[in-house]
Amino acid sequence: MVGRIIAIDGHASTGKSSLAKKLSNEFNCTHINSGSMYRAVTLYMINNNLIKYIKSDTNYLISKLNDVKIEFRKDGGKLKLFLNGENIEKDLNSLVVSNEVSNIAAVPEIRAKLVKLQREIDRSNGIIMDGRDIGSVVFPNADIKLFLTASIEVRAKRRYDELIKKGANVTLNDVIYNIEDRDLKDSNRKTSPLIIDDDAILIDNTNKTISDQVRMIKEIIQSRFYN
Ligand code: DC
């Protein structure tokens, strides 16, 4: 995988990150969950009482971007996301953050800052990056592009189970609403909307386990890189 790039895009809660993590372990390469970067900016804006300006004074919110430092640091052999020097990964997947993140991700100046950071990450070991615009914008020349989708029922149930396991107080309907709302906003925003690239491999994982998907993608990787 040395120097190779795999882009995994797709709808919300299709298991992109879990899949990317497993593949990166198998192939000993770097995994970046780009959604966590948009979530970190959102968390900063929520914690600093700035999220209220997202619609009313977007320029003011953008002016605060210089105070947001996002970096990945090696911790136990894995890259962990730090926001202004603090590991905040455990706070990123709450429904409070999920409910705001698509609005944050629609702001072109925020996207520009994060895309620049994504392109600067060391790719020498090979990189698997998941998100919404990785194959279309961040790495249009990626070696392999995958696009994941699944039925809304299956996606919502997976995300709901995850949140309940973490002790969150949510209903399945809250989760369905959030996922549908994010898909709609992510696919219809002006800057870098979620699209299925012409050269992406479409995977509907409604009835596929993560092991099925890993097996299938390992075969694609083997045939493209090692034959
Ligand atoms: O992958 P995720 O659900 O954690 O992503 C959170 C949000 O961030 C998602 O609703 C859309 C946005 N996002 C984006 O616009 N571009 C990316 N490359 C990754 C995520």
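Screening residue 1 with (1) of a type in the set (A, V, I, L, M, F, W, C); (2) away from the ligand (no atom under 16 Å from the Cβ); (3) assigned to a helix (DSSP H, G or I) gives one miss only, at (3). Is it true that some residue in segment 57-72 is more than 30 Å from residue 203 (Cβ to Cβ) and under 17 Å from the mean Cα position of the chain (by Cα)? Checking segment 57-72: at least one residue is more than 30 Å from residue 203 (Cβ to Cβ) and under 17 Å from the mean Cα position of the chain (by Cα). Looking only at residues of segment 4-26 that are of a type in the set (Lys, Arg) and within 14 Å of the ligand (Cβ to nearest atom), we find that the one that is nearest to residue 157 (Cα to Cα) is 16. Hey, can you tell me all the residues within segment 121-174 that are within 12 Å of the ligand (Cβ to nearest atom) and of a type in the set (A, V, I, L, M)? Result: 129, 134, 137, 138, 148.
Just to check your reading of the model, which residue among 28, 59, 66, 48 is surrounded by fewer than 13 Cβ atoms within 10 Å (Cβ to Cβ), of a type outside the set (A, V, I, L, M, F, W, C) and touching a residue at least 60 places away in the same chain (Cβ under 8 Å)? Walk me through how you get there before you give the answer.
On the way: 59 fails: touching a residue at least 60 places away in the same chain (Cβ under 8 Å); 66 fails: touching a residue at least 60 places away in the same chain (Cβ under 8 Å); 48 fails: touching a residue at least 60 places away in the same chain (Cβ under 8 Å).
Result of the check over 28, 59, 66, 48: 28.
Residue-wise test of (1) within 14 Å of the ligand (Cβ to nearest atom); (2) over 21 Å from residue 195 (Cβ atoms); (3) among the charged types (D, E, K, R); (4) not in a helix (DSSP H, G or I).
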| residue | (1), (2), (3), (4) |
| --- | --- |
| 31 | yes, yes, no, yes |
| 35 | yes, no, no, no |
| 45 | yes, yes, no, no |
| 64 | no, yes, yes, no |
| 97 | yes, yes, no, no |
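Quick grid of which residues meet (1) more than 16 Å from the chain's Cα centre (by Cα); (2) loosely packed, with under 15 Cβ neighbours inside 10 Å:
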residue: 124; (1), (2): yes, yes
residue: 128; (1), (2): no, no
residue: 151; (1), (2): yes, yes
residue: 159; (1), (2): no, no
residue: 163; (1), (2): yes, no
residue: 168; (1), (2): yes, no
residue: 183; (1), (2): no, no
residue: 212; (1), (2): yes, yes
residue: 222; (1), (2): yes, yes
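Only a single criterion out of (1) out of contact with any Leu (no Cβ under 7 Å at 6 or more places or on another chain); (2) of a type in the set (D, E, K, R); (3) surrounded by fewer than 21 Cβ atoms within 10 Å (Cβ to Cβ) is not satisfied by residue 145, namely (3).
Inspection of segment 75-92 finds a residue satisfying the criterion of being in a loop (DSSP other than H, G, I, E, B), more than 15 Å from the ligand (Cβ to nearest atom) and modelled with pLDDT of 95 or more.
Out of 63, 34, 18, 24, one residue alone is in contact with a Ser or Thr (Cβ under 7 Å, 6 or more places away or on another chain) and of a type outside the set (Phe, Trp, Tyr). It is 24. Considering only residues that are in a loop (DSSP other than H, G, I, E, B) and in contact with a Lys or Arg (Cβ under 7 Å, 6 or more places away or on another chain), look in segment 99-128 and name the one that is farthest from residue 1 (Cα to Cα). Step by step, filter segment 99-128, then rank; the result is 106.
The values are calculated or read from the model by the stated rules, or taken from the named source; none is laboratory data. None of the values given here were measured: they were computed from a predicted structure. Because the Cβ atoms are built from the backbone with ideal geometry, glycine has one as well, and the counts that use them run over all protein chains shown.
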